[in-house]
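Below is one structure, written out as structure tokens, with a few remarks after it.
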Amino acid sequence: MKEITIISGKGGTGKTTIVGSLASLAEGAVFADCDVDAANLGLIMKPDTRESHEFRASSQAFIDSEKCALCGRCQDLCRFDAVLDTSDGGYQVDGLSCEGCGVCFHACPADAIEMREVVSGQWFISDTPYGTLVHARLGIGEDNSGRLVTQVRQKARELASEADNVEVIITDGPPGIGCPVISSLTGTSMALIVRSLAAQPFMTWAALLSSASTSMLK
Ligand code: SF4
Ligand code: SF4
């Protein structure tokens, strides 16, 4: 099974257009949209969603006001300023600021803080006129995009290996050089880099690709 990953240094270079063009030419392919922060392959592939799943990869602190002894320790220790005062003199956690580090949970003397898993996004399996598409949507302000990319790729590989007539996975990768890009490239068979005509730091790409442990990079 071969996997072709299409990436670029910046958004708007035409990755998704190229993936869409390959989709119309390929016979027997599974598609993975790994640009989970701004997935748009579905805009041109007309997906009919077959399965939808929650993506849970992080946790948040929640304060039980009935148990809270109002000592203020959690607020003093939280380095993300995620513990806010409430109007009645208590404390509550701001979900957008909480990084789920668990410091407050371990430090609370009243056992009033619970760490709960939260839904960070969704991933989907869809039928398209060109083949099966695995895609995802990361929630607003959520991180862990690299893990969501890994989830999308794993499912695409599973579906491709179960199918009789699939010989290639075509992956629409994210732009840039960050965590989701590395997750999209690791172990791929080939990478196709789409460059805009504007100058780009090609050496950065060379360093990234060599660190991504691609098995058959062309
Ligand atoms: S550390 Fe625990 S008891 Fe103290 S204010 Fe925070 S939640 Fe309340
Ligand atoms: S889990 Fe960490 S980031 Fe979240 S409120 Fe507690 S100390 Fe702050």
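The values are calculated or read from the model by the stated rules, or taken from the named source; none is laboratory data. What you are looking at is a predicted structure, and each value in this text was computed from that prediction instead of being measured. Virtual Cβ from ideal backbone geometry, glycine too; neighbours counted across all protein chains shown.
Points worth noting:
- Residue check for Ile140: closer than 30 Å to Thr171 by Cβ and not in a strand (DSSP E or B): yes
- When the helices (runs of 4 or more DSSP H) confined to the range 1-93 are screened for residues that are modelled with pLDDT under 90, those reaching at least 2 such residues are found at 15-25, 41-45.
- If you go through the range 97-108 and keep only what is near ligand 1 (Cβ under 6 Å from one of its atoms) and more than 13 Å from Ile63 (Cβ to Cβ), you end up with nothing.
- Condition broken by Met203, with the remaining ones in (1) in a helix (DSSP H, G or I); (2) at pLDDT below 90; (3) within 27 Å of Glu142 (Cβ to Cβ) satisfied: (3)
- Close contacts from the range 69-80, counting a first residue that is touching a residue at least 12 places away in the same chain (Cβ under 8 Å) and basic (Lys, Arg) and a second that is part of a helix (DSSP H, G or I) and within 8 Å of ligand 1 (Cβ to nearest atom), with Cβ to Cβ under 6 Å and a gap of 6+ residues or different chains, come to Arg73/Ala107.
- Count - residues of the range 157-178 that are at pLDDT below 90 and under 16 Å from Ser8 (Cβ atoms): 5
- Positions within the range 100-117 being within 11 Å of ligand 2 (Cβ to nearest atom), touching a residue at least 24 places away in the same chain (Cβ under 8 Å) and of a type outside the set (Gly, Ala, Ser), in sequence order: Val103, Cys104, Phe105, Cys108, Ile113, Glu114, Met115, Arg116
- Only one of the listed residues (Ala38, Ala29, Ala61) is out of contact with any Cys (no Cβ under 9 Å at 6 or more places or on another chain), on the phi < 0 side of the Ramachandran plot and crowded, with 20+ Cβ neighbours inside 10 Å. That residue is Ala29.
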